[in-house]
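For reference, the structure discussed in these notes is given below.
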Amino acid sequence: MTAVYTITSGLHDEASVSRLSDEFLGGVFPEGDYEFKGANFADFGTHDLDLVYVRTGGAEGIFKSLLPEMLARGTERYYLLTSGKSNSLAASLEILSYLRQQGLKGEVLHGSEAYLRQRVQDLETVARARKTLQGTRIGVIGQPSDWLIASHADPMALMDKLGVKLVEVPMEELLQEIPRAPQDAAPAEVPMAPKPRASYPGATQIYHAMEVLVKRYELGAFTLRCFDLLTSVGNTGCLALASFNADGLPASCEGDVPALLSMMIAQALTGYTGFQANPSRIDVETGRMLFAHCTVPFNMVTNWQYDTHFESGIGVGIHGELPEGPVTVFKVSGKLDRHFAAEGELLYNQYEDNLCRTQVVLQLSPADARYFLTDPIGNHHIILPGHCKRLLEELL
C-alpha cells in the first residue's frame, strides 16, 4: 500500500489547497488505493511506498525539519509528489537539490496523470519485491559446476545490496536423503519415451529429497550442482527444478548463483522465476538468437513432454514450448554490480536432438545480441515473459 504525506506552507489558504489536492490525488489514485496521512509523519517509512506530497511552494523548511526523523527510520530514498500547482514543483526541486547535497537519493514525481499512475505502480512493485527478497536464505547445494569459472557470487555484496544470505549445503546431504524419499509414478497424460518413463520415479525422488533440504535449511531459493547426480544416482534434477520454479521457489542449475539471483529478482517483480537457458546460436547481424536448456518452469510453458537429459542421454529432461510474444532477457553479476536486460520477441519454439531439450528462438536488437559476444555476464541468462526491463532496472 502507498501512503501519502503532505507538507504545506502556512501562507496558502488550506481550503483551496485541500480542494486542489483532492482533485490531484483522485487522478493519480483513481481507485482510491492509498492511505492519506496528511501532515502526520509518525509512521513514515513503514509502508510499501511512502510519498511526500509537496502541496505548495514555501514548504522546503518544513521538509528540512522532518528529515532527521525520517533518517532515523532508515529511509534511503525520498519520493516527492507534486501537482505543479501553487509553486509545488519549484519547492520539490529545491528539496531534491538539498537531499543530493546531503548525499541522499530522491526523485520528483511530476507529469501527466497516466505517467504518475504508472510510476507509482512501478515503485510499489519494486518496493514489495525488495521486501520479499530481504532475509531470503539461498542454498548452494554442492558448489558451482567446474565449468562455471565466471559464475560465482560475493556473499557480502548480496547481503548489503539485497539482504539475502548464502547457505552452503553439502552435496552429501542430498545424496543421503534421496534413497529415503518417496517416488511418484509416471503420469499417463504426459508424452514421454521409454527411457525417461523409466527414470521418472527416480527424478521425483530427487524432488522430494530436495524438499527436505529446503525445509531443513529454511531456504527461499537454491542452486544445485546437478551434474553430480548423473554419476551418483544415474538421474537428473531437471524435473525437480522445473517443479520448484513453477511453485514460485527459484531454483537454478549447475550451482549458478548469479543465475539464481536473477531468477529471484524476476520472481519477486513479475511472479515468474524465468527460463534459465544457454545461448546456443547468435546472428549478430539480425539479432536473432537460439536459447536452450533441459529444464523450464512448468508454469511458463503451454505444453511439455519428457525427454532424456541432453548431454548424458539419461534421466528426465523437459521439452517445453513457451508462448510466442514479448520477452525480456535478464542477468545480474555475482557482485550485483552489473546487469543485462533486453526486451525482444519469442518468435518460435523448435526441437533439434543435438541441443538441450527446451529450445526457443528470440528476436533481440543486433546491439543486444552483440553483448553476448563482447561482454556477457556468464553463459546462462534468464528469459522472462513480457517486457519488464523497466521494473528490473528500477530495482537494480
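Values in this text are rule-based calculations from the coordinates and carry no lab data. Keep in mind it's a predicted model, so treat the numbers as computed, not measured. Virtual Cβ from ideal backbone geometry, glycine too; neighbours counted across all protein chains shown.
A few notes on this one:
- Coupling constants for the range 363-379 follow from the phi torsions by the Karplus curve (6.51 cos²θ - 1.76 cosθ + 1.60, θ = phi - 60°), and in residue order they are 10, 10, 6, x, 5, 5, 5, 5, 3, 5, 9, 10, 8, x, 9, x, 9 Hz; glycine and proline get x.
- The range 272-343: GluC sites (Glu not before Pro) in DSSP coil with no more than 14 other Cβ atoms inside 10 Å: Glu285, Glu311, Glu324
- Rg/Rh ratio calculated on Cα atoms of the range 2-133 (Kirkwood radius): 0.93
- Chain lengthening between Leu71 and Lys165 when straightened (0.36 nm per residue, less Cα-Cα): 31.3 nm
- Loop-located GluC sites (Glu not before Pro) across the range 209-279 with a Cβ neighbour count of 13 or fewer within 10 Å are Glu218, with loop assigned by DSSP.
- Spin-label zone in the range 155-170 - amide nitrogen under 12 Å from a point set 7 Å from the Cα of Arg137 along the C-beta vector: 165-169
- At R0 = 56 Å, FRET efficiency that the Cβ-Cβ distance of Asp48 and Arg197 yields, to 0.05: 0.75
- Across the chain, C-alpha contacts under 8 Å between residues 6 or more apart give a mean separation that, scaled by the residue count, equals a relative contact order of 13 percent.
- As a length-normalised measure over Cα pairs under 8 Å and 6 or more apart, the relative contact order of the range 8-157 settles at 22 percent.
- A full extension of the chain between Asp353 and Asp33 corresponds to an added length of 110.0 nm, given 0.36 nm per residue minus the alpha carbon distance.
- Nearest 10 degrees, 0 to 90: helix 194-216 Cα axis against the chain principal axis: 40
- Cα Rg, Dmax (largest Cα-Cα span) when computed across the range 299-396, Å: 14.8, 42
- The GluC sites (Glu not before Pro) of the range 49-154 that meet both conditions, a loop assignment by DSSP and at most 11 other Cβ atoms within 10 Å of the site Cβ, are Glu76.
- Cα-based helix-to-principal-axis angle, 14-28 vs the chain, degrees rounded to 10: 20
- Rounded to the nearest 10 degrees, the angle from helix 88-101 to the longest Cα principal axis of the chain is 60 degrees.
- All alpha carbon pair distances within the chain were sorted into 20 Å bins beginning at 0; the resulting P(r) in whole percents reads 26, 46, 24, 4, 0.
- Cβ-defined net charge surrounding Met159, 15 Å radius [Lys, Arg +1; Asp, Glu -1]: +1
- Label-point separation in nm, Lys105 to Glu23, each point 7 Å along Cα→Cβ: 3.5
- Remark: relative contact order (the range 194-345) = 23 percent; criterion is Cα-Cα distance under 8 angstrom and separation of 6 or more residues.
- Euclidean distance of C-alpha centroids, the range 329-376 and the range 160-230, integer Å: 26
- Length released on extending from Gln176 to Lys215, taking residue separation times 0.36 nm less the Cα-Cα span: 12.5 nm
- Estimated distance in nm for a label pair at His208 and Glu394, the labels positioned 7 Å out from Cα along Cα-to-Cβ: 4.3
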